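Below is one structure, written out as structure tokens, with a few remarks after it.
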Amino acid sequence: MSTFVQVMLDGLLAGMLYALVAAGLSLIWGVMDVINFAHGEFLMVAMYLSYWLGFLAHVDPIVSWVASGAFVFILGALTYRFIVSRCIGKAAMAPLLATFGLSMFLKNFCLNRFSPNFRILQTTVLEGKKIILGDIVIGLPQLVTGLFSLAILFALYFLMKKTRLGWAIQATAMDREAAELMGINTDRIYLLVFGLGGACVGIAGGLLTSYLAVHPEVGALFGLIAFLIVAMGGFGSIPGALAAAILIGLVEALAGFYIAPVFKYVAVFAMYLAVIMIRPKGLFGW
Amino acid sequence: MKTRKFEQKDFLWIGLVCMLAALPLVPGLIGNSFRAHVLILILLYASMAQSWNIVSGYAGQVSFGHSVFFGIGAYGAGMAVVTYGLTPWPGFLAGAVLAAVVSVLISYPCFKLKGHYFAIATFAIVEIFNRLFMVWDWVGGALGLDYPILPDGWKNFVWSETKVGFFYGALALFVLIFGIVRWIETHRLGYYLRAVREGQETAESLGVNSSAVKISAMAFSAFLAALCGGFFVQYNYRVDPPMVMSLDMSMKFVLITILGGVGNFWGPLLGAAILIPLQEYSRAYLTALGSGVDLVIFGIIIMLMMIKQPKGIMGILQDLGLGAKERKREGEAD
């Protein structure tokens with residue numbers, strides 16, 4: 001029984017982090033109907049930034065997430081300004097493929113500069129600390145990352161629901177032209193949304209560095225899982241992303257433990273396909 | 001149009017093939033050289049991109065799952081040679097047929113999805129196949145299959161002395177696939193495909209069974225992609241899951257076609273003719289700059305192309321007015 005609880009807890013904590021990664025993608029997809037294919041690589045860039053800050057300047061990930069969030073916010077805004085805004089509305093798949101080009105660029109640039117080696121931060125504040133409750137062991141880095149992701153998600157949800165900026169974003173998502181007629185600068189909103197989406201994944205990447213090794217391919221799997229979460233949770237919906245992310249985290253942990261570690265992603269992808277066949281627009285999509 | 005006579009275009013096409021076929025006869029131009037390697041890859045990737053073009057260009061269903069079919073074809077040939085000690089020929093056929101069957105089984109449910117949802121479902125399928133093949137001992141698992149040393153010739157479809165045999169093999173594949181796509185394009189199926197792309201509801205209202213049309217396009221596409229996979233494994237003498245069944249391989253199908261011009265007959269050849277030499281020469285000559293430089297350049301080109309002209313090089317040619325004839329022909333088709 002305690003093994004089961006342990007596995008469920010691990011899945012839950014992983015799911016919370018996935019939710020933050022996916023929330024950024026979901027926001028961009030929901031507002032602009034654009035898939036940011038470089039989303040996973042944004043995570044990788046944030047992880048490298050956090051790693052180098054920790055390695056060279058001895059800034060702990062528990063602090064440096066602010067820097068990674070801000071950095072990827074700017075990266076996202078630049079991506080919108082120089083790439084996405086120039087190919088949006090031209091052809092259906094143009095923004096997706098352009099951001100795929102960006103992801104290739106970022107991945108191989110980091111490969112070229114930083115080598116394919118796995119790098120992990122030693123001697124972080126949280127390293128090796130754990131909470132032990134009877135038979136259950138919770139790693140403090142995972143716990144802090146999970147809870148922190150949840151807090152950022154709540155902040156994002158609050159921003160979307162309770163502030164004028166959030167209303168403007170929602171209005172733009174519903175009908176761009178009508179929002180423009182109401183005096184909303186929708187180009188600025190798109191820029192901000194891309195930046196915010198980047199900031200979410202940047203913060204997630206910064207936190208993740210406290211227990212996960214960074215390498216040029218690290219973003220690929222996270223990016224893919226984020227796509228599944230968004231498609232499953234319904235685009236633009238933050239609660240949907242959270243629910244789908246936790247479901248995916250749990251399936252991953254349970255399949256990894258009770259079937260075999262190699263099958264955990266097979267189970268995740270198969271579950272996604274099963275869900276999407278029954279509800280083509282996701283669990284919470286409309 | 002039923003009994004169409006040879007037109008000027010057809011002579012152009014025959015001329016191109018004859019020119020390519022004569023290339024190895026010119027001494028020094030193509031022997032066991034790097035240039036031969038680049039030419040073979042151009043023909044192979046143009047064929048792959050053209051097979052993708054059937055379902056994603058003409059029928060407008062953007063699939064990111066073609067590496068699955070490519071991989072099944074590669075494993076068909078690889079297992080015929082390595083596991084069963086046969087020649088690769090029955091493997092080519094078995095792989096292609098199996099890929100077509102798998103494509104129908106996959107696409108029957110997936111075609112219910114639209115746009116980005118369809119694209120993401122195809123990603124998930126690639127990942128499932130990749131991970132299953134990684135742990136499946138019968139197909140060699142993560143280690144893959146390594147070819148034994150075999151005598152050269154068409155029987156084994158391997159050549160180690162010169163690459164001329166592979167060149168003619170690639171040329172045959174190229175002619176086969178481009179020929180089939182030309183045939184589809186000018187016959188009923190091609191018109192149906194374009195009708196479904198332009199407006200599925202409208203096409204259905206005119207009596208086109210859109211799901212049957214899309215599924216048959218997918219089956220053709222998968223069959224031909226699997227043949228390319230078979231050639232690929234013969235050319236590399238080995239196969240493992242990341243080589244053939246990965247998102248990166250799927251994206252090659254997509255990017256070459258997109259760069260050349262999606263939904264356009266000559267697009268895949270143009271895309272391959274530009275991208276492959278760029279990739280191979282930058283890989284060979286920019287090694288001083290470290291690994292990954294070729295893909296950095298590749299990424300920049302894709303970004304620039306999508307910003308400037310999402311219709312690819314064919315779109316740029318049309319903008320320049322060189323494609324006026326092509327446009328007229330498409331106008332007639334519509």
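Candidates A:ALA98, A:ALA91: the one that is among the aliphatic types (A, V, I, L, M) and in contact with a Cys (Cβ under 8 Å, 6 or more places away or on another chain) is A:ALA98. Among the helices (runs of 4 or more DSSP H) confined to region A:1-111, the ones with at least 2 residues that are among the hydroxyl-bearing types (Ser, Thr, Tyr) and either over 28 Å from B:GLY292 (Cα atoms) or touching a strand residue (DSSP E or B) at 6+ places or on another chain (Cβ under 7 Å) (or both) are located at A:2-32, A:39-57.
Close Cβ contacts (under 8 Å, 6 or more residues apart or on different chains) running from residues in region A:99-110 that are under 19 Å from B:ILE307 (Cβ atoms) to residues that are among the charged types (D, E, K, R) and surrounded by 24 or more Cβ atoms within 10 Å (Cβ to Cβ) comprise A:LEU102/A:GLU41; A:SER103/A:GLU41; A:LEU106/A:GLU41. Could you go through region B:197-208 and let me know if any residue there is within 19 Å of the chain's Cα centre (by Cα) and surrounded by 20 or more Cβ atoms within 10 Å (Cβ to Cβ). Looking through region B:197-208, none of the residues is within 19 Å of the chain's Cα centre (by Cα) and surrounded by 20 or more Cβ atoms within 10 Å (Cβ to Cβ). Against the criterion of being facing chain B (nearest Cβ under 10 Å) and buried (at least 19 other Cβ atoms within 10 Å of the Cβ), A:ALA267 qualifies. Test A:PHE100 against the stated conditions and say whether it is at the interface with chain B (Cβ under 7 Å from one of its Cβ atoms), within 17 Å of the chain's Cα centre (by Cα) and either hydrophobic (A, V, I, L, M, F, W, C) or surrounded by fewer than 23 Cβ atoms within 10 Å (Cβ to Cβ) (or both). Yes; evaluated as a whole, the condition is true for this residue.
Summed over region B:200-213, residues that are assigned to a loop (DSSP other than H, G, I, E, B) and on the phi < 0 side of the Ramachandran plot total 3.
Pairs linking a residue in region A:67-90 that is within 29 Å of A:ALA57 (Cβ to Cβ) and within 10 Å of chain B (Cβ to nearest Cβ) to a residue that is at pLDDT 90 or above and assigned to a loop (DSSP other than H, G, I, E, B), with Cβ atoms under 6 Å and 6 or more positions apart or on different chains, do not occur. Residues in region B:100-134 that are loosely packed, with under 15 Cβ neighbours inside 10 Å and either modelled with pLDDT of 85 or more or among the hydroxyl-bearing types (Ser, Thr, Tyr) (or both): 4 in all. Of all residues in region B:178-222, those that are free of Cβ contacts under 8 Å to residues at least 12 places away in the same chain and in contact with a Ser or Thr (Cβ under 8 Å, 6 or more places away or on another chain) total 3. Applying the selection to region B:91-107, what residues are of a type in the set (Ser, Thr, Tyr) and within 14 Å of chain A (Cβ to nearest Cβ)? Correct list: B:SER107 only.
Screening region A:51-65 for residues that are out of contact with any Ser or Thr (no Cβ under 7 Å at 6 or more places or on another chain) and without any contact (Cβ under 8 Å) to a residue 24 or more places away in the chain and picking the one that is nearest to the other protein chains (Cβ to nearest Cβ) gives A:TRP52.
Would you say B:GLY230 is within 30 Å of B:MET134 (Cβ to Cβ) and at pLDDT 90 or above? Yes, satisfied.
Restricting to region B:108-137, count the residues that are more than 10 Å from chain A (Cβ to nearest Cβ) and without any contact (Cβ under 8 Å) to a residue 12 or more places away in the chain. Number satisfying all stated conditions: 2. Taking the listed residues B:TYR58, B:TYR75, B:TYR45, the one that is among the hydroxyl-bearing types (Ser, Thr, Tyr), at pLDDT 80 or above and out of contact with any Lys or Arg (no Cβ under 8 Å at 6 or more places or on another chain) is B:TYR75, with no other qualifying. Restricting attention to region B:140-165, the residues being touching a His at 6+ places or on another chain (Cβ under 9 Å) and over 13 Å from B:TYR235 (Cβ atoms) number 0.
One residue alone among A:LEU181, A:LEU153, A:LEU147, A:LEU165 is modelled with pLDDT of 90 or more, surrounded by fewer than 21 Cβ atoms within 10 Å (Cβ to Cβ) and at negative phi, and that residue is A:LEU147. Against the test of being in contact (Cβ under 8 Å) with a residue 24 or more places away in the chain, away from every other protein chain (no Cβ under 14 Å) and either under 14 Å from the mean Cα position of the chain (by Cα) or at positive phi (or both), the options A:LEU196, A:LEU212, A:LEU247, A:LEU191 yield a single qualifying residue, A:LEU196. For the residues A:PHE227, A:PHE235, A:PHE222, A:PHE194, the requirement of being within 15 Å of A:SER26 (Cα to Cα) and at pLDDT below 85 singles out A:PHE235.
The values are calculated or read from the model by the stated rules, or taken from the named source; none is laboratory data. Small disclaimer: the values here were computed from a predicted structure and weren't measured. So basically every Cβ, Gly included, is an ideal-geometry build from the backbone, and we count neighbours across all protein chains shown.
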